[in-house]
Amino acid sequence: MLTKIYTDGSQTQICFIIEGRKPVVRPVKPDGEKATVNEAEYLAVVHALQEAKNQGITEVGVFSDSELMVKQMTMKPDGKSKYQTKNVRLQQLQQLLGGLMVHVKTTFNWLPREQNLAGKVLEQEERKKRRKQ
């Protein structure tokens, strides 16, 4: 049975929501350093697939508003991705995802920002941070 996962990332945080579970928000990097938004988008999926694997989930649909990541991870019939990955760090993250996808069958789906549940959670987190400042 396919489980939906919503993912999003910012320079400082990632969020993923596995269908039927509470949102998970984590720092994008454990040391508090920033990442590029594209790295964060990939890292959100990495963390989500690791968690799905740990929970015994074997088939997921990842929903993200990152068109770049979705197209880089979606394969055409010839086995090549729709968008070429030129950035070395994103290539490394793509390989990491490929290793996780051996255990969790994964499809990637783009959706508009306003429909991304994980994006809404990150927006709320950012608002909370601003209020504290």
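For the range 70-81, a tally of residues being within 19 Å of residue 3 (Cβ to Cβ) and under 13 Å from the mean Cα position of the chain (by Cα) returns 2.
Considering only the range 87-118, state which residues are of a type in the set (Lys, Arg) and under 26 Å from residue 56 (Cβ atoms). Within the range 87-118, just 105 meets the criteria.
Out of all the residues in the range 72-92, which are closer than 24 Å to residue 29 by Cα and in contact with a strand residue (DSSP E or B) (Cβ under 9 Å, 6 or more places away or on another chain)? Before you say what the answer is, go through the steps one by one.
Quick first cut of the range 72-92, residues closer than 24 Å to residue 29 by Cα only: 72-73, 85-92.
Within the range 72-92, 72, 73 qualify.
Residue 35 meets the conditions (1) within 23 Å of residue 3 (Cβ to Cβ); (2) among the small types (Gly, Ala, Ser); (3) in contact with a helix residue (DSSP H, G or I) (Cβ under 8 Å, 6 or more places away or on another chain) in every case but one. The failed one is (1).
Every number in this text was worked out from the coordinates using simple rules, so none of it is lab data. The structure presented is a predicted model; accordingly, all values stated were derived computationally and were not measured. With ideal geometry, Cβ positions are generated from the backbone for all residues, glycine too; neighbour counts draw on all protein chains shown.
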